[in-house]
1. Could you give the nm distance between label points at GLU123 and ARG175, where each point is 7 Å from its Cα heading toward the beta carbon?
2. Once you have the alpha carbon radius of gyration of the chain, what is it after dividing by 2.2 N^0.38 Å, with N set to its residue count?
3. Quick check for you: which residues of region 181-224 have the amide N under 15 Å from the point 7 Å beyond the Cα of GLU105 toward its beta carbon?
4. Under a plain spin-label model, where a point goes 7 Å from the Cα along Cα-to-Cβ, how far apart in nm are VAL217 and ASP185?
5. With an 8 Å Cα cut-off and a minimum separation of 6 or more residues, compute the relative contact order for region 12-143 in percent.
6. Please enumerate, by chain and number, the lysines with C-alpha under 16 Å from the C-alpha of LYS191, excluding those fewer than 8 residues away in the same chain.
7. Hey, got a sec? Which GluC sites (Glu not before Pro) in region 67-106 land in a DSSP loop and have at most 11 other Cβ atoms within 10 Å?
8. Could you pull out every residue, at least 5 positions away or on a different chain, whose amide H is within less than 5 Å of the one on ARG12? Hs are placed 1.01 Å off N in the peptide plane, and Pro or chain starts have none.
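FYI, it's all coordinate maths here, none of it is from the lab. Small disclaimer: the values here were computed from a predicted structure and weren't measured. Methodologically, a virtual Cβ is constructed for each residue, glycine included, from the backbone with ideal geometry; neighbour enumeration extends over all protein chains shown.
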Amino acid sequence: MTAAKSWNGGVRRVLIVDDHPMVRKGLRDLLDSEPGFEPCGEAANGDEAISQLADDPPDIMLLDLSLAEGSGLELVKQASARFPDVQILVFSMHDEELYAERTLEAGASGYVEKHSPVDELLEALRRVGDGKIHVSKDMTERLLQQRLATGAEPGTSVNERLSDRELQVFEELGRGRTTRQIAEDLHISIKTVERHCENIKDKLMLENRTQLLQHAVHWLLREV
């Protein structure tokens with residue numbers, strides 16, 4: 001991640017990326033009413049977002065991870081690589097314990113859950129606009145504890161063992177989605193989903209699909 005310039009109280013232009021029109025309208029109305037912010041565009045998917053980033057780069061991209069077309073996490077990676085001066089704040093329904101660290105590693109500057117108070121979202125926008133990192137206090141404490149821990153071996157947790165796509169498939173399995181449904185949701189082939197499932201079984205040392213499904217459900221109940 002590259003450090004952002006500080007606007008020192010100036011107006012921050014924000015691109016809103018969410019596949020729900022009502023959510024986009026709500027965020028636009030909020031930013032319109034808040035001094036220091038200017039909603040400068042909207043996008044419903046990754047392609048639209050990349051196009052707008054190329055045509056008229058904002059100061060901040062505010063995006064949801066769950067997009068109807070494409071992966072929000074992949075969009076974070078693409079945008080951070082191609083437009084390093086644009087700061088990225090993820091605004092998601094997913095629990096931050098599942099995805100906050102991954103989005104930061106992918107290039108985002110902050111993570112806010114959608115059920116958070118409006119004041120927290122605005123504070124997060126200000127912080128990332130000033131080149132700072134924003135996660136909740138609980139998540140900050142958790143990350144610090146991970147860094148300070150001396151007894152834990154690397155690569156032992158599900159999050160550490162699985163790739164980004166494998167984690168998405170694993171989470172969907174835990175939610176009871178079928179292979180076909182996962183393929184449709186993630187816009188990949190059924191064979192690709194099956195290959196991810198085989199890789200997950202190997203990495204987690206599971207013997208069969210029944211164990212895979214049970215492990216996915218138990219992990220999701222514990223994490224979410």
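1. The answer from the label model is 2.9 nm.
2. Working: Rg = 18.2 Å, N = 224, 2.2 N^0.38 = 17.2 Å.
Cα Rg divided by the expected 2.2 N^0.38 Å: 1.06.
3. The answer is none.
4. 1.5
5. Computed value for region 12-143: 20 percent relative contact order.
6. Candidates past the 8-residue exclusion: LYS201.
7. Working: sites: GLU69, GLU74, GLU96, GLU97, GLU101, GLU105; in loops: GLU69.
Those that pass, being in a loop and sparsely packed, are GLU69.
8. Amide H neighbours of ARG12, under 5 Å, 5+ apart: PHE37, GLU38.
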